[in-house]
Amino acid sequence: MITTKVKPPTWFWVVSVIALLWNLMGVVNYLNQAFNQVAIAETLDQAQREVFEGIPAWATAAFAIAVFSGTIACIGLLMKKKWAKTLFIISFVTAAAQFIHWLFISNAVEAYGSTSYIMPAFVLVIGLYLISFSKKGIQKGWLG
């Protein structure tokens, strides 16, 4: 039995590295939020502080799962592994859960203004793109 491997194009690697850098920024953001809570709280006004201090453990866990699974998925892309798609889906679902809390359960929009929608929308669009990108990689035989 002969198996042939399809070599991904250069742009696949470029997108994969950019995606990894994007997800690493998410990891840094999560770690900053997890380990610098006092410093962050000191920069917020009262309404923002109440929202920040009211983030439940499940939303923080969703944030952690989203950024770490997305980062590992990007490493999977660079290793040409099809399991990257599954991790991108997990990352997307947990990011969506976190943003549902942020935008619709907490008072974040009232405390931070309508710009509160920008980053969540951006993150979710990129998440959908990465799911699609990994699906295409599987279909093209770049991921195995």
Over the range 66-144, what per residue volume does the convex hull of the Cα atoms give, in whole Å³?
69
When the helices in the chain are scored as -39500 (n - 2.57) per DSSP H run of 4 or longer and the sum is shared across all residues, what 222 nm value do you end up with, to the nearest 500 deg cm²/dmol?
-24500 deg cm²/dmol
Based on the mean of other Cβ atoms within 10 Å per residue, sort peptides 57-70, 39-52, 123-136, 82-95 so the most packed one is first.
82-95, 57-70, 123-136, 39-52
Percent of C-alpha pairs per 5 Å bin, the range 1-78, short to long:
3, 13, 17, 17, 13, 11, 9, 7, 4, 3, 2, 1, 1, 0
Hydrodynamic radius of the chain per Kirkwood, over alpha carbon pairs, in Å
16.3
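No value in this document is a laboratory result; all are computed from the given coordinates. As the structure is a prediction and not an experimental result, all values here were calculated from the model. Every residue, glycine as well, gets a Cβ built from its backbone with ideal geometry; the counts of neighbours run over all protein chains shown.
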